[in-house]
Each structure stands twice: as C-alpha cells, then as structure tokens.
C-alpha cells in the first residue's frame with residue numbers, strides 16, 4: 001500500500017461520525033427553537049418595560065424644565081409691575097431698575113438667551129442679552145420694534161396671567177438661521193396694570209439646548225433608537241443627525257418622521273404612552289403637550305407639543321435574544337455539546353495519530369533510501385524525536401567510525417542524543433530547538449557544539465537540522481546531518497596561538513612597530529610602543 005493510499009480517510013468511520021453529529025444537531029435544534037420562543041417573549045417584554053419607564057422619565061423631565069421656565073416668566077412679569085413698568089410712560093428709573101433686575105436674573109439662571117420687556121406698542125424697552133454667561137443690558141439706541149412679530153401679536157391679546165409658548169425652532173437673525181445652531185423656545189406673558197390695561201409683555205428666549213441635553217442624558221444608555229419630534233412630526237433629535245432641524249432650511253429635503261414612517265405616525269393620535277409594531281421593529285411613543293401656566297388660562301400656542309418616540313429595532317431584539325440564548329441552554333443541551341466535542345476530538349485525534357505514524361514510516365523509508373548517499377562518508381544522518389532525552393529513531397551506520405558507537409546502541413534506546421552531547425552544550429541545543437518552534441522554521445544550522453565519543457574524546461560538530469511538525473505546527477522530529485569539524489577547530493586554535501606568539505615577539509621591540517598587510521593595506525599587528533605612541537596606551541588600534 002502506497003503512502004497516499006494509506007492516508008485516505010476511513011469512510012466507514014466518517015459515515016458513523018456524520019450520523020452521530022446529525023442526530024446531535026437535530027436534537028440541539030429542537031431545544032434551541034423551543035428555548036428561543038420563550039426567550040423572545042421575555043426579551044420583548046423587558047425592552048418594552050424599559051422603554052415605557054424611560055418615556056415617563058423623559059416626560060417628567062421635560063415638563064419640569066418647562067414648568068420652571070413658566071415660573072420664571074411669571075416672576076419677571078411681577079418684577080416688571082413692581083418696578084413701575086405698568087405706568088403709561090415708565091420713568092427712566094423704572095426702566096433702569098428693571099434692567100438691573102433682569103440682568104441679575106439672567107446671570108444666575110444661565111438658560112435664557114434674551115430677557116425682554118416690550119411695551120404695548122411692541123417697542124423693546126428693556127433687553128438683556130446672555131452674552132455667553134456675561135449678561136449685558138442693550139443700550140436704548142439699539143432697542144428695536146417687534147410690533148409685527150408673531151410672538152408679540154399673539155401675546156398682547158392674551159388675558160393677564162396667560163402664557164404664550166412659541167413653536168420650538170432655531171433662532172433666526174436678519175432672516176437667516178443663526179450659526180452655530182441655537183434651538184430656541186420663546187415664552188411670553190402680558191403685563192397689566194391695576195385696571196387690567198395691557199402695558200406690555202415680558203418675553204424669554206429659552207435656550208433649547210438645556211432641554212435637548214436633558215433628553216440626551218436620559219436616553220444615553222437606551223439600547224434602541226430615540227426620536228424627539230415637534231407636533232408636525234419634524235425631527236428635533238434623531239439618530240440620523242442630518243435629519244435634525246431640516247424643516248428650518250427650505251433648501252433641505254422637507255421630510256419628517258411622518259413621511260419616513262407613515263404607518264406609525266398615523267397611530268400617534270392621542271396623548272399617553274402607546275406602542276406600534278412594523279417590520280422595522282416596535283415603536284413606543286408619547287405625545288406630550290407643553291405645560292400651561294398655573295392659571296386656568298390656556299397657552300396661546302395651539303400646536304405646542306412634543307412627540308417622544310423610542311424604537312426597538314428588530315436587529316436589537318435579535319441581538320439581545322442571541323445574548324440571552326448564550327446563557328439559557330439546559331444541562332441536557334450542554335451534555336450533547338460536550339459529547340459531540342469529545343467524539344469529534346477522539347475521531348480527529350485518532351486520524352491525526354494514524355497520519356503521523358504513516359508520515360513517520362514514510363520519512364523513515366526516505367531516510368533508508370538516502371542512507372547509501374552517506375554510508376562510509378563523513379556525514380552522519382540522524383532522525384530523532386522531540387521528546388525527553390531526544391531518543392533516536394534512525395542513525396546511519398557511519399556513526400561508528402566517527403564516534404565509536406554502533407547504530408544499534410542508539411536505535412535500541414540504550415543511547416540517546418542528549419547522552420552524548422557535551423554537558424556544556426546541552427542548553428545551547430535546547431534554546432535552538434525552542435527558537436525553531438517559535439520562528440516556525442523548516443530548517444536551520446546550529447552553532448558548532450561538541451559530542452563525546454565512546455573513548456571520551458570531544459569532537460566539534462557542524463549540524464544542519466530539518467524540522468518535522470504535526471498538523472498543529474508542533475515539532476515532533478528533527479532530521480539532522482552532522483559532520484566532524486574538529487580539524488578545522490584545531491587549525492583555528494593553532495592560528496590564534498600563532499598570532500598571539502607573533503604579538504608577544506613584536507611587543508619586545510623597543511621602537512614603535514606596525515605590521516601591515518601589503519594586499520589590503522590593513523593593520524594587522526601593532527606592538528606596545530606603537531600603541532603608546534599613536535594611541536596613548538590604548539590596548540588596540542583601529543585597523
């Protein structure tokens with residue numbers, strides 16, 4: 001039987017193994033789908049409960065933020081009355097007192113871009129700009145008429161104590177959206193005198209980033225997608241930042257959530273928490289109205305609503321189900337998994353061992369075929385195992401004239417490679433073997449080392465080693481060609497002694513003496529006098 005035919009897989013064994021694996025896979029699939037149905041129901045409920053809880057927190061936080069703004073507004077209208085701005089012609093002192101009060105308010109609140117008082121004709125009489133935390137009172141000559149602005153006309157007609165709330169949009173200066181974007185919510189309330197005559201309005205430009213930051217902080221750890229929309233379904237916050245505030249830019253695509261998800265939007269018709277399901281996942285939503293003032297009077301804004309939407313995408317649901325499934329297999333499923341792994345391991349280990357044995361047999365045959373190339377010559381062939389002691393499977397018979405040992409002494413196990421290596425060189429061979437494993441080399445040349453012959457002589461050896469690995473890449477055997485280089489080493493030692501002798505002779509000459517190679521013009525020897533003269537006594541001279 002040829003090596004190739006011997007290495008063909010055992011089809012009978014493979015057939016039985018496939019049947020076992022098929023049975024295990026079928027049973028595992030039944031268990032998997034049964035568990036998955038239970039886990040899916042549990043995960044869906046958990047994500048829904050998490051979404052409902054988060055919507056309630058968001059609703060409470062946004063309501064709280066806006067109630068504080070309304071409370072601030074009513075406080076400022078009372079300040080305007082107390083400082084005398086309800087007079088038909090407020091004095092300069094009344095305007096100054098109000099300006100100072102508004103400035104102090106703006107400094108400590110830090111959430112209003114502008115605080116203003118407009119008289120009954122829509123003219124700004126007091127205006128404080130936030131100025132990045134350093135509030136400034138706008139001079140009288142820079143105050144403007146706002147008589148035709150929508151927030152003035154809407155507010156001045158409201159009864160005393162009512163609050164007008166503008167739509168949530170971006171601040172516009174000189175007909176263009178201010179950059180960087182400045183989300184703004186304007187709240188205003190009329191100021192009346194004791195006879196209920198309208199004397200003007202107080203208006204706050206609320207920096208909407210505070211409201212948006214609260215929204216983002218609460219939703220930071222939510223695993224799904226979050227949306228904040230206005231009453232028309234336009235994006236204020238979205239996972240896709242390019243969609244945010246696009247309704248403020250006429251040149252941008254005027255597409256909102258209502259157009260992207262018409263089915264979901266059609267179901268968001270009433271206030272309160274509800275949920276809808278599509279192929280994109282589950283949507284949990286809440287339509288919230290901006291809070292009214294503390295009085296029974298309604299706000300002047302008829303469409304001042306936020307729509308909060310939390311989406312549980314199908315991909316998120318599947319991911320969390322998969323994560324849960326990783327921890328839910330019962331002991332029976334774990335048993336079959338281990339059993340299958342054991343069967344596969346045993347089968348492949350058996351096949352690997354068989355193939356390794358065939359490979360070794362094949363290599364031994366190759367070694368035997370090559371033996372004639374080295375028998376009687378100076379080079380010895382060794383095939384040894386990478387095991388404790390380095391036992392030798394094969395060594396060519398010409399080892400006997402080289403070292404005085406017979407090949408049978410090694411192949412019977414009486415001698416091993418480590419037993420004839422000079423002790424001072426064992427560590428060198430170990431390190432070279434480890435380096436071959438780490439570097440994944442197929443062959444390497446060892447540094448010269450010494451073997452001890454049968455009569456106790458130490459022979460210098462030159463060694464070229466090939467590496468044999470298993471399927472996992474681990475070294476199992478070494479295939480080495482060794483030669484005796486003792487005469488060469490002896491010649492090197494003799495040359496070194498001769499050089500040392502010549503150096504000693506030249507050092508006895510009193511005058512500086514140099515020996516130069518006339519072919520290479522290289523300085524070979526310098527005596528002590530020359531080194532003292534030219535190098536200040538250095539032990540060597542640069543050649």
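Values in this text are rule-based calculations from the coordinates and carry no lab data. Keep in mind the model is a prediction, meaning the values are calculated, not measured. Heads up, the Cβs are rebuilt from the backbone with ideal geometry, glycines too, and the neighbour counts pull from every protein chain shown.
Data table
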item	result
Peptides 18-25, 427-434 ordered by average Cβ neighbours within 10 Å, highest first	427-434, 18-25
Length gained when the stretch residue 22-residue 266 is fully extended (0.36 nm per residue, less Cα-Cα span)	82.9 nm
Projected label distance in nm at residue 431 and residue 241, using a 7 Å step from Cα toward the beta-carbon	5.6
Per-residue Cβ neighbour rank within 10 angstrom, fewest leading, 535, 304	535, 304
Efficiency of FRET from Cβ geometry, residue 438 and residue 498, R₀ 56 Å, rounded to 0.05	0.85
Rough spin-label spacing in nm, given labels placed 7 Å along Cα→Cβ, for residue 354 and residue 89	11.6
Estimated FRET transfer efficiency (residue 193, residue 45; beta-carbon r; R0 56 Å; 0.05)	0.45
Nearest-ten-degree value, helix 486-507 long axis tilted from longest Cα axis of the chain	90
The chain: calculated mean residue ellipticity at 222 nm from DSSP helix runs of at least 4, using -39500 (n - 2.57)	-14500 deg cm²/dmol
Taking 202, 452 and counting other C-beta atoms within 10 Å, the order from fewest to most	452, 202
Crossing angle, helix 208-219 versus the chain [Cα axis fit, 0-90 degrees, rounded to tens]	50
Label-point gap, in nm, between residue 134 and residue 96 - each point 7 angstrom along Cα→Cβ	2.4
Set of the stretch 139-156 residues, backbone N closer than 12 Å to the point 7 Å along the Cα-Cβ line of residue 173	none
FRET efficiency, 1/(1 + (r/R0)^6) with R0 41 Å, evaluated for residue 71 and residue 339 via beta carbons	0.05
Extension reserve of the residue 393-residue 361 stretch, reckoned as 0.36 nm per residue once the Cα distance is removed	10.5 nm
Burial ordering of 405, 227, 206, fewest other beta-carbon atoms within 10 Å first	405, 227, 206
Chain lengthening between residue 150 and residue 325 when straightened (0.36 nm per residue, less Cα-Cα)	57.3 nm
Listed values (i) 194; (ii) 375; (iii) 139, entry calculated as volume of the Cα convex hull per residue in Å³	(ii)
Nearest-ten-degree value, helix 331-374 long axis tilted from longest Cα axis of the chain	30
Sequence-separation-based contact order of the chain, relative, with Cα cut under 8 Å and 6+ spacing, percent	10
